[in-house]
Amino acid sequence: MKKQLLSAVMVCTLGVVGCDPVEQTPVDPNTQVGTKLEGKTLVMEGANIPSHPNGFNEDMNLEGSTQCYSKTTMQVGNNTYTVTSVLGTLRDAPQRFNIGTCDHAAAGATVQFTSTAVLIENAKADLSCFDATYTYNGFGQEGRGSLSADGKTLKLELFFTGQATGHRCADGEVGATTVKLNGNAFTGNAVQTFVVQ
């Protein structure tokens, strides 16, 4: 009896016959990112804000596109990301392209965007790297990301659509020095780190 039971287990393990079809269905790592984040709130603040969000120096006055942030929160539901960003205060940079200092602690205006499409591709089985493309009304972000094994830390290295190359998992892991921004070697840190709540 023991031998028969062991044989059945072996056959099932090898996926030959007689197994639960649900167990045989391979898990698509691309869908796992969304599944693990569904219904979650993701928060980036403090030291988790990179020096170059979306590839641009947070200390530079880019007027309406200035990348100085105090806190960013993403709510995930039905594969839709609602992004609420509280801007920081850029000090000592009164004119466009001036370099000052991003004061994260001094909260400014709040802006909100909701994704119209989210595409996760080329995910590794352990989700240590996946290609991410987020589309919003009027702009998009693309790059690569990673989700920690415990599902509590999401890292996204994103750039505005069409501005970067070498920013996908095929080029290297999240944060690897493989990115060119507008044709020039990118040397900043664009990795946004979100705590999953």
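The values are calculated or read from the model by the stated rules, or taken from the named source; none is laboratory data. Because the structure is predicted, anything quoted here is derived from the model rather than measured. Don't worry about glycine lacking a Cβ; one is built from the backbone with ideal geometry, like all the others, and counts go over all protein chains shown. SASA here: full protein model, heavy atoms, side chains in, ligands and nucleic acids out. Shrake-Rupley method; radii C 1.70, N 1.55, O 1.52, S 1.80 Å.
Values for this structure:
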| read-out | value |
| --- | --- |
| Only one of Asp171, Asp150, Asp131 that is charged (D, E, K, R) and open to solvent by 80 Å² or more (accessible area, probe 1.4 Å) | Asp150 |
| Matching residues, segment 152-170, being touching a strand residue (DSSP E or B) at 6+ places or on another chain (Cβ under 6 Å) and under 17 Å from Ala123 (Cα atoms) | Leu154, Lys155, Leu156, Glu157, Leu158, Gly166, His167, Arg168, Cys169 |
| Residue satisfying condition, being on the phi < 0 side of the Ramachandran plot and acidic (Asp, Glu), within set Asp92, Asp59 | Asp59 |
| All strands (runs of 3 or more DSSP E) inside segment 63-104 with 1 or more residues being more than 24 Å from the chain's Cα centre (by Cα) | 89-91, 101-103 |
| Candidates Ser51, Ser65 - the one that is touching a residue at least 60 places away in the same chain (Cβ under 8 Å) and surrounded by fewer than 16 Cβ atoms within 10 Å (Cβ to Cβ) | Ser51 |
| Selected residue (only one of Thr165, Thr161, Thr110 is open to solvent by 30 Å² or more (accessible area, probe 1.4 Å), farther than 18 Å from Pro50 by Cα and in contact with a Lys or Arg (Cβ under 9 Å, 6 or more places away or on another chain)) | Thr165 |
| Given (1) open to solvent by less than 30 Å² (accessible area, probe 1.4 Å); (2) in contact with a Cys (Cβ under 6 Å, 6 or more places away or on another chain); (3) farther than 23 Å from Lys155 by Cβ, index of the condition Leu90 fails | (1) |
| Test: residue in segment 97-120 that is closer than 29 Å to Glu173 by Cβ, aromatic (Phe, Trp, Tyr) and at pLDDT 95 or above | yes |
| Residue count for segment 179-197, restricted to those that are of a type outside the set (Phe, Trp, Tyr) and in contact with a Lys or Arg (Cβ under 9 Å, 6 or more places away or on another chain) | 6 |
